[in-house]
Amino acid sequence: MQKIDIFFLSLKHQIWRRFYYFFNKKEVAHSVETRKGECKRCGGCCHTSIRCPSLLFDESGYAICKEHDRRPHMCKLYPFSVRDHFSHLKDKCGFWYDD
C-alpha cells in the first residue's frame, strides 16, 4: 500500500511543480541560486511515480541519465525550492535550502 501512496503523492507533486514553475519562473530561478549541496546520483527523483526511460544505473549503483546533456529543464531544477522536495526523498537528497 505504501508504494501506491508514494506513486500518487509523487504524481500530484510533479503536476504541482510544473504548474508552480510555469507561473513563478523568476522566483524559481532565484530560489535555485540559493540551493546548496549536490546530487547524490541515487535516481530517486527520476522514478518517483513514473520511471524515467532515460535512467540507468552503473555497476556501483549510481544513477546515470542517458539524456543528461539534453535533459528537460524541470529535471535540472529539482529541487527548485524547500517545498519542491518529494516528501519521501527529502532526507535522502543531496540538495538542501537554508531556512
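The values are calculated or read from the model by the stated rules, or taken from the named source; none is laboratory data. The model shown is predicted, which means the values in this text are computed figures rather than measured ones. Here the Cβ positions follow ideal geometry from the backbone for every residue, glycine too, while neighbour counts run over all protein chains shown. Heads up: the accessible areas ignore ligands, DNA and RNA and are worked out on the full protein's heavy atoms, side chains in. Shrake-Rupley method; radii C 1.70, N 1.55, O 1.52, S 1.80 Å.
Here PHE86 fulfils each of the conditions (1) open to solvent by 70 Å² or more (accessible area, probe 1.4 Å); (2) outside any helix (DSSP H, G or I); (3) within 23 Å of ILE15 (Cβ to Cβ) apart from (1). A search for C-beta distances below 6 Å between a residue of the stretch 55-81 that is at negative phi and any residue that is loosely packed, with under 12 Cβ neighbours inside 10 Å and part of a loop (DSSP other than H, G, I, E, B), counting only pairs 6+ apart in sequence or on different chains, returns ILE64/ASP58.
Applying the criterion of being among the aromatic types (Phe, Trp, Tyr) and touching a helix residue (DSSP H, G or I) at 6+ places or on another chain (Cβ under 7 Å) to the residues of the stretch 46-95, the residue that is modelled with the lowest pLDDT is PHE86. Among the residues of the stretch 52-83, those identified as surrounded by 13 or more Cβ atoms within 10 Å (Cβ to Cβ) and assigned to a loop (DSSP other than H, G, I, E, B) are CYS52, SER54, TYR62, ARG71, TYR78, PRO79, PHE80, SER81.
Note on the stretch 11-49: residues that are in a loop (DSSP other than H, G, I, E, B) and over 12 Å from TYR78 (Cα atoms) amount to 8.
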